[in-house]
Amino acid sequence: MRIKYKDKKDTFLEKHLVSREPFGQFKAWFEEACGRKEILEPNAMCLATSSKEGYPSARFVLLKGYGKEGYKFFTNYGSRKAREMNENPKVAATFYWEVLNRSVRIEGHVEKLSKEESTRYFHTRPVPSQIAACASFQSTPIESRDILCEREKVLEADYLIPGKEVPKPDYWGGYIIRPRAVEFWQGQRDRLHDRIKFRKPKEGEVPDGKLLHQGDDGWVFERLSP
Ligand SMILES: Cc1cc2nc3c(=O)[nH]c(=O)nc-3n(C[C@H](O)[C@H](O)[C@H](O)COP(=O)(O)O)c2cc1C
């Protein structure tokens, strides 16, 4: 289990940053990942939450939008992750694009998207996905798959009618992660991996231009040891 990562001439140096703030840099790496057909779901990210007792849990979700304001995903507001984010809005999310030997780590806090934005997105989903969202009380125990299929059948009878819209359930919607740190990791063959982390500066912290660099839009960045 020792695959070859990038070699010496493929290093990720500060001069290779396409942006001095994390969103521009994320866009460049994300678009490159989207352009690689071997990466079937470049938008899959592992989202970590934790309960108020401090127990962490992690699962994959799909990134459905990003920009200077943050990273968006959609889920069931009654799910375990949603309960945990209610109790503790601090989260982390990680992408891994194996064929590029790259990973991005995000840390921040979540806020719910507006009902209007969630509804707009809900109706862009394929109708069977809309019905599935209505049929599932995500993360709650269920006796059998048959019960789910039964619920699906009832909903299909109600809504698979031309001109009829599946109403977005109140228990389904989106979140935005507002980041306070975003790290860009690129693996190297010699295991001297490259890590450049953008973060918001601590109060009174002044970049010295050696360990800590001034970025744009109030961000600073630093290189971390692999
Ligand atoms: C690649 C992948 C993408 C997924 N995307 C989502 C998603 O966007 N939203 C979602 O609620 N669940 C998604 N899931 C399912 C979740 O991983 C998880 O099973 C579900 O959200 C319940 O998690 P929870 O009990 O921790 O709340 C995805 C799973 C995989 C493997």
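The values are calculated or read from the model by the stated rules, or taken from the named source; none is laboratory data. Since the structure is predicted, the reported quantities are computational estimates derived from the model, not experimental observations. Every residue, glycine as well, gets a Cβ built from its backbone with ideal geometry; the counts of neighbours run over all protein chains shown. With ligands, DNA and RNA removed, areas are computed over all heavy atoms of the protein, side chains included. Shrake-Rupley method; radii C 1.70, N 1.55, O 1.52, S 1.80 Å.
One table, with the values for the structure above:
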item: DSSP loop GluC sites (Glu not before Pro) with at most 16 other Cβ within 10 Å excluded, longest remaining stretch of the chain; result: 70-142
item: Shape box of the stretch 1-155 [Cα atoms, principal axes, largest first, Å]; result: 58, 37, 35
item: Accessible area of the chain divided out per residue, in Å², using a probe of 1.4 angstrom; result: 59 Å²
item: Helix-only CD estimate at 222 nm, as mean residue ellipticity for the chain, using -39500 (n - 2.57) per DSSP H run (n ≥ 4); result: -7000 deg cm²/dmol
item: Potential lengthening between PHE137 and LEU160 on full extension [0.36 nm per residue; Cα-Cα distance subtracted]; result: 6.2 nm
item: Cα gyration tensor shape of the stretch 154-208, rounded if a/c is under 1.5, else prolate or oblate by comparing a/b with b/c; result: oblate
item: Coarse-grained scattering of the stretch 125-167 at q = 0.30 Å⁻¹, given as base-10 log I(q)/I(0) from a Debye sum over alpha-carbon atoms; result: -1.11
item: Point-charge dipole on Cβ atoms (K/R +1, D/E -1) for the chain, about Cα centre, debye to 20; result: 640 debye
item: Nitroxide proxy distance, nm - points 7 Å out along Cα→Cβ at SER19 and ARG125; result: 2.7 nm
item: Simple spin-label estimate for GLU116 and LEU212 in nanometres, 7 Å along Cα-Cβ; result: 3.9 nm
item: Tilt relative to the chain, helix 22-34 - C-alpha long axis, 0 to 90 degrees, to 10; result: 70 degrees
item: Karplus 3J(HN,Hα) series, Hz, for the stretch 119-129 with 6.51 cos²θ - 1.76 cosθ + 1.60 (x for Gly, Pro); result: 5, 4, 5, 3, 7, 8, 6, x, 4, x, 6
